[in-house]
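The values are calculated or read from the model by the stated rules, or taken from the named source; none is laboratory data. Because the structure is a prediction, the values reported are computed rather than measured. In this analysis, Cβ positions are derived from the backbone assuming ideal geometry, glycine residues included, and neighbour counts consider all displayed protein chains.
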């Protein structure tokens, strides 16, 4: 996920399990700050609700964490690739495509230990379905980040329920659309401390 932004008084560190580690950089014992690659796979269909419902059975996100964060800086990174496949609209084939990659984002702390909000800057997508070509975007898209220690599955999860706006030139598409996808991450042992 992409992370870019300014520091915050409530900034936290993105940590991953590292058995035997003394803990450092804001992470408790048994965990260390995480930077490096990040891959996320969808759990269930990813959907776009606009003039009709576009459902994609497979979605993959790839990126990297470039800064694990600290007491004064939020975790940051970049989404470099986001793909969709096996998409349909009303039983007919459809396509979905991410545009203008890479996307920057920032992980913000929440009141629940381990969790946060993931702000992705300027995501944009093209959806071709039910005979329409629609491009949607958002200035900032906010998803819920659920740390592995707070989920029933024990896996780090990102739940995106985002309202998108139509790009001005696509007149035959509704002015807004709602995109929903739930993803688990690899590494799957991330928490925000």
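Can you find even one residue in the range 24-38 that is under 15 Å from the mean Cα position of the chain (by Cα), in a strand (DSSP E or B) and under 30 Å from residue 166 (Cβ atoms)?
Checked against the condition, which is being under 15 Å from the mean Cα position of the chain (by Cα), in a strand (DSSP E or B) and under 30 Å from residue 166 (Cβ atoms), the range 24-38 yields at least one hit.
Do you know which of the residues in the range 141-193 that are touching a helix residue (DSSP H, G or I) at 6+ places or on another chain (Cβ under 7 Å) and not in a strand (DSSP E or B) is surrounded by the most Cβ atoms within 10 Å (Cβ to Cβ)?
156
Of everything in the range 47-78 that's surrounded by 21 or more Cβ atoms within 10 Å (Cβ to Cβ) and more than 20 Å from residue 121 (Cβ to Cβ), which residue is nearest to the chain's Cα centre (by Cα)?
So, considering only residues that are surrounded by 21 or more Cβ atoms within 10 Å (Cβ to Cβ) and more than 20 Å from residue 121 (Cβ to Cβ), the one nearest to the chain's Cα centre (by Cα) is 56.
Identify the single condition in (1) in contact with a strand residue (DSSP E or B) (Cβ under 7 Å, 6 or more places away or on another chain); (2) in contact (Cβ under 8 Å) with a residue 24 or more places away in the chain; (3) closer than 20 Å to residue 173 by Cα that residue 90 does not satisfy, given that it satisfies every other one.
(1)
Going by the structure shown, is residue 94 part of a strand (DSSP E or B), at pLDDT below 95, out of contact with any helix residue (DSSP H, G or I) (no Cβ under 7 Å at 6 or more places or on another chain) and crowded, with 18+ Cβ neighbours inside 10 Å?
yes
Out of (1) in contact with a strand residue (DSSP E or B) (Cβ under 8 Å, 6 or more places away or on another chain); (2) over 15 Å from residue 79 (Cβ atoms); (3) at pLDDT 90 or above, the odd one out for residue 104 is which?
(2)
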